[in-house]
1. What does the convex hull of the alpha-carbon atoms of the range 163-244 project to on average, in nm²?
2. Can you bin every Cα-Cα distance in the range 139-353 into 5 Å intervals starting at zero and give me the percent of pairs per bin, rounded to whole numbers?
3. Report, to the nearest 10°, how far helix 23-33 tilts away from the longest principal axis of the Cα atoms in the chain, using its own Cα long axis and a range of 0 to 90°.
4. Would you calculate the volume per residue, in Å³, of the smallest convex hull containing every Cα atom of the range 109-253?
5. What number, in percent, do you get for the relative contact order of the range 139-353 if the mean sequence gap of Cα pairs under 8 Å and at least 6 apart is divided by its residue count?
6. Of S307, A190, G267, which is farthest towards the positive pole of the range 139-353's charge dipole, taken about the Cα centre with +1 and -1 on the beta-carbons of Lys, Arg and Asp, Glu respectively?
7. Can you give the helix-only mean residue ellipticity at 222 nm for the chain, where every DSSP H stretch with n ≥ 4 adds -39500 (n - 2.57) and the sum goes over all residues, rounded to the nearest 500 deg cm²/dmol?
8. Which is farthest toward the positive dipole end of the range 139-353 among F220, G167, I317, measuring Cα position about the Cα centre, with Cβ charges +1 (Lys, Arg) and -1 (Asp, Glu)?
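Derivation of every value follows stated rules applied to the coordinates shown; laboratory data play no part. None of the values given here were measured: they were computed from a predicted structure. Note that we place each Cβ from the backbone using ideal geometry, even for glycine, and neighbour counts take in every protein chain shown.
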Amino acid sequence: MDGDRQEKFGGTGAVREGLGFDAGALDRWMREQVRGFSGPLTVEQFKGGQSNPTYKLVTPDRAYVLRRKPPGKLLPGAHAVEREYRVLKSLGGAGFPVAPVHGLCEDASVIGTPFYVMDMVDGRIFWDSTLPALTPAERPAYFDAMNAAIAQLHGLDFQALGLGDYGKPGNYFARQIFRWSRQYREDVEAGRLEDMDWLADWLPNHIPEGDETSIVHGDFRADNMIWHPTEPRILAVLDWELSTLGHPLADFTYHLMMYHLPPHIIGGFKGADLTALNIPAQDDYVAAYCERTGRAGGIADLSFYLSFNMFRFAAIIHGIKGRMARGTASSPEAQSLVDTLPELASIARRTAEG
């Protein structure tokens, strides 16, 4: 599996049709805006299916990464590379591991859409969450590094970082459940599922008491980070397009879904022999996060948080199913994701009931 995903999503290739731009105009912009830049410039595109097209910019001295809004008509607020740039700049200044950013261009006349440029961080990416490239003796330190990174993120003072308006603080679960339930129910072309109907009714009535707000990543998992080539050290956490202000336990338990989902659903490892692999047990992993974040009582209502995340992800897949039904989304990856929807919804309901 690791090799398959590496082949599909890893590395770069030629710029895909319809996603090219004037490299000369970019070269001129970088000479003015990026300290130390010197050409000539060669442009390649990363294979991964990011919603924001991502390019590798190669010069004789070093490499950079460019992320841009896709061309064409976009939904309001979607593909907000400006938000990504803002959070990366703030987090980098706070010492959190992200790629250093060099500049944001909101002038669409330069390459056709707004974009930003950051460092190309060289290192390892683990496409399989069991980290098969490592030995059992090595794995615990890598899992502990992920645990430490998400705890560090949730401990940052977003007000002090100038991110007080990066999202709506408070009532995160109520707002998210309402949003995704409404989207699920209104997408009639995608049909209905009994388990999704049950979850949409159950979740709003079981939100735990208490409220917290932190910066949340939104898609924190092993393949969204670049690791040191030989050490259990995260050099850069990637893919901040879902980041916002939200509840830290929503973010952490999204990450924790790896223990509850099978490998064909966003890289889970349920069913794997964790003892043989020397992957920390879930209870130990949760305890380490709680110790780092000062949660003396652990995480009550863990099943709610997990089922909420599964429902949210299932609602996203349901939306993809609707777009396929309307003819606006079509790819082997989309179809394989849609095929997991009934199974994911069933796991989410069993988690809530259990």
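1. If I average the Cα hull's projected area over directions, I get 8.1 nm².
2. Per 5 Å bin, starting at zero, the Cα-Cα P(r) for the range 139-353 comes out as 1, 7, 14, 18, 20, 18, 12, 7, 3, 0, 0 percent.
3. Orientation of helix 23-33: about 90 degrees from the principal axis.
4. Looking at the range 109-253, the number lands at 198 Å³ per residue.
5. Values: 262 pairs, mean separation 58.7, N = 215.
It comes to 27 percent, rounded to a whole number.
6. A190
7. -12500 deg cm²/dmol
8. The Cα lying farthest towards the positive end belongs to I317.
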